[in-house]
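Reviewing the structure listed below.
The values are calculated or read from the model by the stated rules, or taken from the named source; none is laboratory data. Fair warning: this is a prediction, and the values are worked out from it, not measured in the lab. So basically every Cβ, Gly included, is an ideal-geometry build from the backbone, and we count neighbours across all protein chains shown. The protein model used for the area step is the full one, side chains on, heavy atoms only, and it has no ligands, DNA or RNA in it. Shrake-Rupley method; radii C 1.70, N 1.55, O 1.52, S 1.80 Å.
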Amino acid sequence: MQEDFKKYQAQTTPYPLGLEVDYAKGSYIYTTDGQAHLDFVAGVSACGLGHSNPKIITAIKNQLDRYMHVMVYGEYVQTPAVAYTKLLAENLPEPLTKTYLVNSGTEAVDAAMKLARRATGRQEIIAAKNCYHGNSFGALSLMDYEERIAPFRPLIPEIHHITYNQLDDLAEITEKTAAVILETIQGGAGFILPQNDYLKKVKTRCEAVGALLILDEIQPGFGRTGKLFSFEYYDLVPDILVIGKAMASGLPIGGFVASSALMDQLSDHPKMSHITTFGGNPVIASAALATLQELTSGTLIAEALEKEKLFRNLLQHKLIKEVRGKGLMLGVICENAEIANQVVLEAKARNLILFWLLYEKKAIRISPPLTISKAEIEKGCRVIIEILDKMESRIKADC
Ligand SMILES: Cc1ncc(COP(=O)(O)O)c(C=O)c1O
């Protein structure tokens, strides 16, 4: 399998982690060599309800027995997508009532950018430095990371950048701006939280100049930060909300939500302004519905904050400078990038799954399933601390 993996399946890096997966359950991924790996990453925040959650599996199986795909998005009335978008609207503030379901986060971002241009008749889109919104051309064009974008030029025009949390930059949002797009919590940049009413001030500036605010909740959304959506902490409502990742507990999906008045513009001039074959797929929408029902009926979301406290208590070490983030979206910032890298690799050898962040190389990603138990958190953190203790001894011995 390892050989065929490299030979036939296109790689994203020359050094994939390469765990050979047999099955996954709860907080563990089981490999074909019989080992159990404690998962502190959850498919990069996509498996909020843990692996193979029985409620999600039942919902998927029930739908499989009825129908899988009958028509392209939006033509037929299909109960799973309708029930899902209704329940989502019931859990969002006005005027976020209408959802367009697509296949991935990056597609949702592209479609939200199209909606903003269509609705305002303007072209300029403002994004934040060090943002990450996905890898299709629209989302990629929002990046300012030269190494990642240079080979793919020309990107889409009229994209400008401001510095996240920098109030002076808000003057750059003007009557020419169609939309400002921001991650509610910056992920790849190092789990940076908005400070000093930043998002509210961006929204106020957008309103003053007639621009739309798009918030990307693809990573923090669906309970990860202790609220269903993390913008709820910051006393504002975006014009367009972009969602994905944990939405269907590990099946591919994305979506964007806006007011009816905004969203209806995508169905005319031109008709079918954004179309997709599989968006709203009934099997995936059933998984999304079961996910949202589970999140909104239980205590998992509130527990994310208690679990955050436990992580913060346990992850104290001389080689850890800071733990950033909110809820179960945590970045452990190490003394340097080499330490972070070694911890991820040594943890893998000790059956604990950790991961890196895209830009902040000193960070170790911790984004476990929301269903992780306290005992599992303690077990994983013990491994991290033991690895760091050994490193500290090695560093001392070298001095
Ligand atoms: C904040 C954010 N936006 C967009 C995306 C892109 O989503 P997808 O990988 O589903 O296209 C991601 C994925 O990591 C993300 O974290």
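Annotations
- Selection from the stretch 185-211 of residues that are over 16 Å from P238 (Cβ atoms) and within 16 Å of the ligand (Cβ to nearest atom): G187, G188, A189, G190, F191, I192, L193
- When T106 is tested against (1) open to solvent by 50 Å² or more (accessible area, probe 1.4 Å); (2) touching a Gly at 6+ places or on another chain (Cβ under 7 Å), just one condition goes unmet, and that condition is (1).
- Residue in the stretch 118-132 that is in contact (Cβ under 8 Å) with a residue 40 or more places away in the chain and acidic (D, E) present: yes
- In the set (1) more than 16 Å from the ligand (Cβ to nearest atom); (2) outside the structural domain of P282 (by TED's automatic domain parsing); (3) part of a loop (DSSP other than H, G, I, E, B); (4) exposed (fewer than 12 other Cβ atoms within 10 Å of the Cβ), T12 fails one condition alone, (1).
- Within the stretch 212-227, residues that are more than 26 Å from A116 (Cα to Cα) sit with their Cβ atoms under 7 Å from residues that are within 9 Å of the ligand (Cβ to nearest atom) and at pLDDT 95 or above, at 6+ positions apart or across chains, in these pairs: R224/S45; T225/I185.
- Where helices (runs of 4 or more DSSP H) fall wholly inside the stretch 242-323, the ranges with 3 or more residues that are within 16 Å of the ligand (Cβ to nearest atom) and in contact (Cβ under 8 Å) with a residue 40 or more places away in the chain are 282-297.
- Those residues of the stretch 66-101 which are aliphatic (A, V, I, L, M), over 23 Å from K227 (Cα atoms) and touching a Ser or Thr at 6+ places or on another chain (Cβ under 6 Å), in sequence order: V72
- Subset tally (residues that are of a type in the set (G, A, S) and free of Cβ contacts under 8 Å to residues at least 12 places away in the same chain) for the stretch 326-385: 2
- Condition met for L182 (closer than 25 Å to E303 by Cα and within 15 Å of the ligand (Cβ to nearest atom)): no
- When we screen R122, R118 for residues that are more than 25 Å from F191 (Cβ to Cβ) and in contact with a Lys or Arg (Cβ under 7 Å, 6 or more places away or on another chain), the only hit is R122.
- First in the stretch 95-117 and farther than 12 Å from G279 by Cβ and within 10 Å of the ligand (Cβ to nearest atom), second anywhere and in a helix (DSSP H, G or I) and among the small types (G, A, S), Cβ under 7 Å, 6 or more apart: T106/A139; V109/G138; V109/A139; D110/G138; D110/A139
- Hey, L88 more than 16 Å from the ligand (Cβ to nearest atom) and surrounded by 24 or more Cβ atoms within 10 Å (Cβ to Cβ) or not: yes
- Lone qualifier among L38, L64, L17 - being under 24 Å from L352 (Cβ atoms), of a type outside the set (D, E, K, R) and out of contact with any strand residue (DSSP E or B) (no Cβ under 6 Å at 6 or more places or on another chain): L17
- Of the residues L357, L345, the single one that is outside any helix (DSSP H, G or I) and over 20 Å from A24 (Cα atoms) is L357.
- Some residue of the stretch 358-366 being modelled with pLDDT of 95 or more and surrounded by fewer than 16 Cβ atoms within 10 Å (Cβ to Cβ): yes
- Of everything listed in (1) of a type in the set (G, A, S); (2) more than 18 Å from the chain's Cα centre (by Cα); (3) surrounded by 24 or more Cβ atoms within 10 Å (Cβ to Cβ), the single unmet condition for A42 is (2).
- Residues that are open to solvent by less than 40 Å² (accessible area, probe 1.4 Å), away from the ligand (no atom under 16 Å from the Cβ) and not aliphatic (A, V, I, L, M) do occur in the stretch 122-145.
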